[in-house]
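In what follows, a structure is listed as structure tokens, so that the remarks can point back to it.
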Amino acid sequence: MKKLIFQLLVVGSFITFLASCDDDSETEKTPLTEAEGKVVVQDIVTLTAEINSLNMMGLDAFSTGMGNSGGRYAEDEFCGEIEFSYTETQVKMSVDYGDQGCEDEDGSLMKGKIIFTIEGNGEGSTITQTMELVNFSSDGNGINGTFTSVISNFNEEDFSSAIITTSANDVTLTFAEDGSTLKYSGTHTYSFEINSEDFELEVLKVDGTATMVSRKGITISYDIQNDLNYKSACFEKDVYHAVAGLMAVSTSIHNDFTLDFGDSTCDNIVTVKTGDLEFDLELENE
């Protein structure tokens, strides 16, 4: 499980997805309906899932090539080629799926390139990673942009002490089905609860703020008020969204509302509260 935890640690970019509204706007806001909420909230969690999936895949490729001495590298379990070089304090690596693409072990068609630059050799307490996505897509869904993560309190023997701060600016997710886009920038902080006996991640906790323009052109902003909790135990039940935590959301056209992700029960239910109105939504795994 060390490999999985290290992937989560260096990812950084997993959950950046919303947008700031203009306080000076003269547009009259309206209450959020359940039908509208389904679209807005699903955009938020879809982007989160895409970013998490991207980072897990990219860092799996990275950890595969870390033990090699340089040049190009490929193996049967990995779709694509890794080219990397390193010095005592820096690793540069590109994960290249090519223009035509190839299918990974899960059957997803991967195209484009991911370029990593990591400063720090793991012997110090801080590591900085930049991840640039160049014409990258998974099953036709494209992601372009750059993520920067600073990992502090890094200790290979105790991942639970690590804190990650990740920033993303002007990242664009393009959907294959209709060419629509999500655009976002944001900063998040990640911390971990780990089972030291079997070295397994138990809970990934996320705090932060972000900005987004949704597929419908709605400008959205959010502030995580209580850490979002992602439980590894729930992943085994195909529940990949947060199962606890509270998020305050504003949009350019709706009254403010909150998203309550629950009490750590492994389900895809989020409770939306706006004014006197409250309703539950069941999230989809896209």
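Here are some notes:
- Asp263 meets the conditions (1) loosely packed, with under 15 Cβ neighbours inside 10 Å; (2) under 24 Å from the mean Cα position of the chain (by Cα); (3) within 19 Å of Tyr222 (Cβ to Cβ) in every case but one. The failed one is (3).
- Some residue of region 110-127 being exposed (fewer than 15 other Cβ atoms within 10 Å of the Cβ) and without any contact (Cβ under 8 Å) to a residue 12 or more places away in the chain: yes
- Residue in region 239-252 that is more than 20 Å from the chain's Cα centre (by Cα), modelled with pLDDT under 95 and part of a strand (DSSP E or B) present: yes
- Residue list for region 237-263, filter: of a type in the set (Ser, Thr, Tyr) and within 22 Å of Asn285 (Cβ to Cβ): Tyr240
- Which numbered condition Glu202 fails, given (1) at pLDDT 90 or above; (2) in a strand (DSSP E or B); (3) surrounded by fewer than 19 Cβ atoms within 10 Å (Cβ to Cβ): (1)
- Residue among Glu119, Glu132 that alone is modelled with pLDDT of 90 or more and under 23 Å from Ile163 (Cα atoms): Glu132
- Residue ID - nearest to His188 (Cα to Cα), chosen from residues in region 238-257 that are touching a Lys or Arg at 6+ places or on another chain (Cβ under 9 Å), in contact (Cβ under 8 Å) with a residue 24 or more places away in the chain and not small (Gly, Ala, Ser): Val243
- Residues in region 128-144 that are touching a Ser or Thr at 6+ places or on another chain (Cβ under 6 Å), under 18 Å from Asn169 (Cβ atoms) and not charged (D, E, K, R): Gln129, Thr130, Gly142, Asn144.
- Region 227-239: number of residues that are among the aromatic types (Phe, Trp, Tyr) and surrounded by fewer than 19 Cβ atoms within 10 Å (Cβ to Cβ): 1
- Any chance Thr126 is of a type in the set (Ser, Thr, Tyr) and either within 23 Å of Leu201 (Cβ to Cβ) or modelled with pLDDT under 85 (or both): yes
- Test: residue in region 268-276 that is at pLDDT 90 or above, of a type in the set (A, V, I, L, M, F, W, C) and either closer than 28 Å to Gly145 by Cα or not in a strand (DSSP E or B) (or both): no
- The residues listed here are Val40, Val91; of these, the one that is within 30 Å of Thr251 (Cβ to Cβ) and at pLDDT 55 or above is Val40.
The values are calculated or read from the model by the stated rules, or taken from the named source; none is laboratory data. None of the values given here were measured: they were computed from a predicted structure. Counting neighbours? That spans all protein chains shown, and the Cβs are built from the backbone with ideal geometry, glycine included.
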